[in-house]
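Q: So that we are looking at the same thing, I have put the structure below in C-alpha cells.
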C-alpha cells in the first residue's frame, strides 16, 4: 500500500467502518443507579489519573493506529501514527482541545523528548475525518466534576453487556445522545464506554451515525511523561 501522510488523514474525510470484532448480541437495558454513578465519574477519574496511555485504532479508507498519551490536566495529546496494515510510520501528532500539530517524518514510535522541528499546526476540526473526531473526543474526556448520575439514568444511555479488557471485568455502556433528553432518542450515541467497577475508563468505541463502531481506543495507566505542545507552531 502506498504510504499516506498523516496530513492527508486530517485534510480528507474518511468513511469508516468497524475495526473491532462484532459485539455479541445484547438486550439493551436502562442504566441502574449504580451504573449511572460509575458512568458519571469517567471523566473525573481521567482527570484524577492525570495522564493515560492510549492506543487508538481507526479503520477506513486507510486503517491507522495511534499510540501515545493524553494529559487530562492540560488537555494535551501526543503520539505516533502508523499504517495498521503495513506498520509503516506516518509521523507524529500533537493535539489539544482546539488545535492539532502534525509532523509527517517517519519515526520509530512516540519519541520523547519530541522532535522540535517539522511541525505544522492547524485548528482541530472534528468534522473533517474519523481521525480528527476521535482525537477531539479523547482529549476532552477529562473533567474536574462528575456528570449528573440522575440525568444519566433518565437519559437514553444504555447498559449493553459485561465484558473484559485485559482480563479486567467491565460494564459496556452506551452514553447518552449528544442532545440528551429524558425520552429515548431515535439516534443512538456515538460513544460506547467500557468502565470498570471503580468508574475508570478502559476502552471507548466511537461509531458513525449510531451504527458500527469506527474507532476503538484502549486506556491504560503508566509512567508519567512530559508531553509537548506544538499546536501554536508552523512548519519549522
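A short reminder: the numbers here are calculations on the coordinates, not readings from a lab. From a predicted model like this one, the values you see are computed outputs, not experimental measurements. Neighbour counts run over all protein chains shown; Cβ positions are idealised from the backbone, glycine included.
Q: Any idea what log10 I(q)/I(0) is at q = 0.15, 0.17, 0.28 Å⁻¹ for region 122-173, Debye with uniform C-alpha scatterers and no solvent?
A: Values returned for q = 0.15, 0.17, 0.28 Å⁻¹ are -0.73, -0.88, -0.97.
Q: What distance in nm separates the two pseudo spin-label positions at residue 148 and residue 167, each 7 Å out from Cα along the beta-carbon direction?
A: 4.2 nm
Q: Let me ask another. I'd like the FRET efficiency for residue 99 and residue 221, computed as 1/(1 + (r/R0)^6) with the beta carbon distance as r and R0 of 25 Å, rounded to 0.05.
A: 0.45
Q: Testing the spin-label approximation: label points 7 Å from Cα along Cα→Cβ at residue 88 and residue 232. State their distance in nm.
A: 3.6 nm
Q: Which order results if 159, 95 are arranged by neighbouring Cβ count within 10 Å, fewest first?
A: In increasing order of surrounding Cβ atoms, one gets 159, 95.
Q: With 10 Å bins from zero, work out the P(r) of region 28-220 over every alpha carbon pair and list the percent per bin.
A: Result, from short to long distances: 9, 35, 36, 16, 4, 0 percent.
Q: For region 76-175, how big is the tail of P(r) above 21 Å, as a whole percent of Cα pairs?
A: The proportion of pairs with Cα distances above 21 Å equals 54 percent.
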